[in-house]
Amino acid sequence: MWSTPKRKKNGISIDQAVADGVDVLSLSVGGSSKPYYTDVLAIASLGAVQNGVFVAASAGNSGPSSSTVINTAPWMMTVAASTMDRSFPAIVNLGDGETFDGESLYSGMSTDQLPLVYDGNLKYCTSGALSPALIKGKIVACERDINSGVEKGQVVKMAGGAGMLLLNTESDGEELRAEPHVLPAASLGVSAAESMRNYVITSGSPTASIVFKGTTFGKPAPVMASFSSRGPASIEPYVIKPDVTAPGVNILAAWPPTISPSEIKTDNRSVLFNIISGTSMSCSHISGLAALLKAAHKDWSPAAIKSALMTTAYTHNNKKTPIYDIFSGSPPATPFAYGSGHVYPEKASNPGFIYDLSYEAYLFYLCGINYSPSQISMISRGDYYCPKETMQTMGDLNYPSFAVRFEANSQNLNALYKRTVTNVGHPRTTYVVQVQEPKGVSVIVEPKVLKFRHTGQKLNYKVRFVESGEKSSSSDTFFGSLVWVSGKYRVRSPIAVTWQ
């Protein structure tokens, strides 16, 4: 079944885990996006879902470019990465009085005010590139590149440098990652890095110092990580991906004592815990939450757990302002960065109602996106023939978000989506819909009120998206939301409307 040794290993491992009786799979792996019938993780994870196993998967670390998200099959929960309010401050003081907030895991003494060196020809601080005569006893500014920040620090240390400033590039933005440096060092965001360069150019004898502040709490969070892969999904335009975001920056994680925290061979330090960043970290958070929900609601399907996490997610930070994207600065992030938002475990345990999906519904969906019987059979690993009546629109997949695609140069555009919801909250509950319409689109919901009379009851509603004459002639996406409200319950679904 699996076409290469690596794929065979991944596929067999997932199949074996299912056979062993797991309830949750955490897939911190991936590659490039590909059709599902050639994607071993998509195929194996659908088999897991068929057996009642929840599958969380990393969105990828190829951000901030658009359409870099991976693991986008609708039966997988695709997880982005964002920050927490914890930081490891390292204050950088320049000789002209400017002060910048950096971050570092260095646990030694702060530096004195020392000479500062930044050489554009040596800015990447690669092995053998630095002259001891130039940098001995000085703080060296290095720019992020292929080799890691801790490797650059090791190069500086070996050449006699007394400290390092690690400068973000445009693609890194203002994101500060704490790293276990082998010498006094601090990472700086792109704007601080530019100010430092200007200072070095205009000063006859530039200096700097680094002051380490340990661990602090209270900064605005969550903020979307620049590395977190972004939507829209290149091969899955009918659902919003990623699905949610969770903590994935500077995460405390267990670490093998036989490997140094910097992973540099000459680093002799041994630790039991390290600070790690990546969507592998955020994916693990979601897997843990799914296990808790499964324990609390043993009859919930993987889709029900996924729905509960998505529809209760929040889109504002701890300062009551919209979650923003650290790459773009202060502008709010969009569902193509965080999906439905940041997960809220307490609310997910009692979401009100859920959008459920069966294994057969996913196969039916594949028929709707024009997969052939042979291709679907490769995914299902068994014979499958599409029924004569497939979904009228791809958006009819009973998903907790809405992705709409319109042709940019067409007229009188509209799309009708259908949803079925299942009451898992109070037996007698009435919900009223609230809609934030995307720019250029009217959103019509029927009915506008859902009245549940018992737990487990299913109700249907329809949403029509109508182009209102403000569309762009180019490829643009605008966002909105649809929220069902009843007392303490707020069941929220993001909307993304794209003109292509």
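The values are calculated or read from the model by the stated rules, or taken from the named source; none is laboratory data. Bear in mind the structure is a predicted one, so any value in this text is a computation, not a measurement. Cβ placement follows ideal geometry from the backbone for every residue including glycine, while neighbour counts extend to all protein chains displayed. Just so you know, the surface numbers come from the protein's heavy atoms only, side chains and all, with ligands and any DNA or RNA stripped out. Shrake-Rupley method; radii C 1.70, N 1.55, O 1.52, S 1.80 Å.
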With 404, 424 as the choices, which residue is of a type in the set (Val, Ile, Thr), within 25 Å of residue 52 (Cβ to Cβ), in contact with a Ser or Thr (Cβ under 8 Å, 6 or more places away or on another chain) and at pLDDT 90 or above? 424
Condition check: part of a loop (DSSP other than H, G, I, E, B) and more than 23 Å from residue 459 (Cα to Cα). Does residue 370 satisfy that? yes
Since residue 239 meets every condition but one in (1) aliphatic (A, V, I, L, M); (2) crowded, with 24+ Cβ neighbours inside 10 Å; (3) within 20 Å of residue 100 (Cα to Cα), which condition does it not meet? (3)
Listed by range, helices (runs of 4 or more DSSP H) wholly within segment 108-207 having at least 2 residues that are open to solvent by less than 50 Å² (accessible area, probe 1.4 Å) are 149-158, 190-202
If we scan segment 245-257, do we find a residue that is outside any helix (DSSP H, G or I) and within 25 Å of residue 424 (Cα to Cα)? yes
Just to be sure before I move on: is residue 246 touching a Cys at 6+ places or on another chain (Cβ under 8 Å) and closer than 30 Å to residue 57 by Cβ in the structure I sent? yes
Could you go through segment 325-335 and let me know if any residue there is modelled with pLDDT of 90 or more, surrounded by fewer than 16 Cβ atoms within 10 Å (Cβ to Cβ) and in a loop (DSSP other than H, G, I, E, B). no
Residue count, segment 65-93, condition touching a Pro at 6+ places or on another chain (Cβ under 7 Å) and not hydroxyl-bearing (Ser, Thr, Tyr), comes to 4
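Determine whether segment 437-459 contains at least one residue that is of a type in the set (Gly, Ala, Ser) and in contact (Cβ under 8 Å) with a residue 60 or more places away in the chain.
No, the conditions are met nowhere in segment 437-459.
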Matching residues in segment 336-363 - criterion: being under 30 Å from residue 385 (Cα atoms) and part of a helix (DSSP H, G or I): 359, 360, 361, 362, 363
Entirely in segment 395-500, the strands (runs of 3 or more DSSP E) that have 1 or more residues that are under 25 Å from residue 77 (Cα atoms), open to solvent by less than 40 Å² (accessible area, probe 1.4 Å) and in contact with a Pro (Cβ under 7 Å, 6 or more places away or on another chain): 402-406, 458-467, 476-486, 489-499
Can you report the number of residues in segment 248-295 which are aromatic (Phe, Trp, Tyr) and either touching an Asp or Glu at 6+ places or on another chain (Cβ under 7 Å) or open to solvent by 60 Å² or more (accessible area, probe 1.4 Å) (or both)? 1
Looking only at segment 48-100, filter to residues that are open to solvent by 30 Å² or more (accessible area, probe 1.4 Å) and without any contact (Cβ under 8 Å) to a residue 60 or more places away in the chain; which one of those is nearest to the chain's Cα centre (by Cα)? 51
Do we have residue 161 as under 22 Å from the mean Cα position of the chain (by Cα) and either on the phi > 0 side of the Ramachandran plot or at pLDDT 95 or above (or both) here? no
